[in-house]
Amino acid sequence: MSSSPLNPASDPSPQPTPRRSTAQAWYRPTLSPEHGVYVILVVSFLTGAAAALQWNWPTTLALIAAFCGFQAEHPLVLQIKQRRSLKPRFLTWGGLYSGVAIALALYLYWQQGTLLSPLLWVYLGAIAAFLFDAISVFHREQKSVLNELITFFAVCLSAPFAYVVTTGTASPAVVGLWLLNSLFFSSAIFTVKFRKDKTHPATPSLVYHAIATSIVVGLWFAGGLSLLTACAFGIVLLKFGLILWQRNWYCTTTIQWVALLETSSAFVFLLMVTLSVLPAHLPT
């Protein structure tokens, strides 16, 4: 962080700040700083809701549950990192977010009216991803490509979550939609490495995008995605091509421009997928 008149780091002799008491700190809400994941969560959820062709009360509850589940991860991971001492703030808000998410998830599962609801697989996938992430954090491997891939695929479960909760059913198309979202957003895992290391080879990114494109094409051939929906993946290929073409700019520009590139591509992706899954003529 650079020094400035508003930054205490610029003062050669900063005054000590009074220590806040535990009673004052524990009630301060925790919010995840992972702004990119907010975009992934919302876009994936909206694509699932669009595929369901409706929005009802369970859909709203599912969105709240997904948001709280995502927020629960942040304080709980921080507590795992500081495992030598218990932090009341992290435990309080991690427990609160988890409690709300679990309560709503169980209610929505009960609303399905069957033990073999497709929601079971969505929940099991989310739980498995959270446990894997917790173990990775414990072993300080949370930044590994594998853990980041699993995390992105787990966040994109919000697409089938929205669809199943809204319609009460599942279909191969919603599985294809989940994979499309996951492959689209996971691209950033590989491109962001260019900013961390300007000499990072492009081969891993090229291999990932080649495999991801093959999977999307396979989903289209198998009927898991329509042609228009599959074409939405072309946006991430255009973004990847732009990054390779302007790699020096991408590596040196401010994070705000990178965030704008990622957010705008996600918005166009959402628009294309939403329009592709909606019927040709909406009911009037």
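The values are calculated or read from the model by the stated rules, or taken from the named source; none is laboratory data. On a predicted model such as this, the values are computed, not experimentally measured, just so you know. Please note: Cβ atoms are built from the backbone with ideal geometry, for glycine as well, and neighbour counts cover all protein chains shown. Surface areas here come from the heavy atoms of the whole protein model, side chains and all, with no ligands, DNA or RNA. Shrake-Rupley method; radii C 1.70, N 1.55, O 1.52, S 1.80 Å.
Of all the numbered requirements in (1) under 13 Å from Leu179 (Cα atoms); (2) at pLDDT below 95, Ile215 misses one, and that requirement is (2). Only one of the listed residues (Val77, Val37, Val43, Val100) is surrounded by fewer than 19 Cβ atoms within 10 Å (Cβ to Cβ), of a type in the set (Val, Ile, Thr) and within 17 Å of the chain's Cα centre (by Cα). That residue is Val37. Identification of helices (runs of 4 or more DSSP H) wholly contained in the stretch 113-230 with 2 or more residues that are within 25 Å of Ser276 (Cβ to Cβ) and open to solvent by 20 Å² or more (accessible area, probe 1.4 Å) yields 119-138, 145-155, 158-167, 172-191, 203-222. Would you say Leu108 is farther than 25 Å from Gln79 by Cβ and assigned to a helix (DSSP H, G or I)? For Leu108, the condition - farther than 25 Å from Gln79 by Cβ and assigned to a helix (DSSP H, G or I) - is met. Beta carbons closer than 7 Å, at least 6 apart along the sequence or on distinct chains, pair a first residue in the stretch 252-274 that is open to solvent by less than 30 Å² (accessible area, probe 1.4 Å) with a second that is not in a helix (DSSP H, G or I) for Phe269/Ala232; Val273/Ala232.
Cβ-Cβ contacts under 7 Å between residues 6 or more apart (or on different chains), taken from a first residue in the stretch 76-100 that is farther than 20 Å from Ser136 by Cα to a second residue that is open to solvent by less than 50 Å² (accessible area, probe 1.4 Å) and among the small types (Gly, Ala, Ser), are listed as Arg89/Ala25; Tyr97/Ala72. Just one of the listed residues (Ser85, Ser44) is among the polar types (S, T, N, Q) and touching a helix residue (DSSP H, G or I) at 6+ places or on another chain (Cβ under 6 Å), namely Ser44. When Thr59, Thr92 are checked against the criterion of being touching a helix residue (DSSP H, G or I) at 6+ places or on another chain (Cβ under 9 Å), open to solvent by 20 Å² or more (accessible area, probe 1.4 Å) and of a type outside the set (A, V, I, L, M, F, W, C), a single residue qualifies: Thr92.
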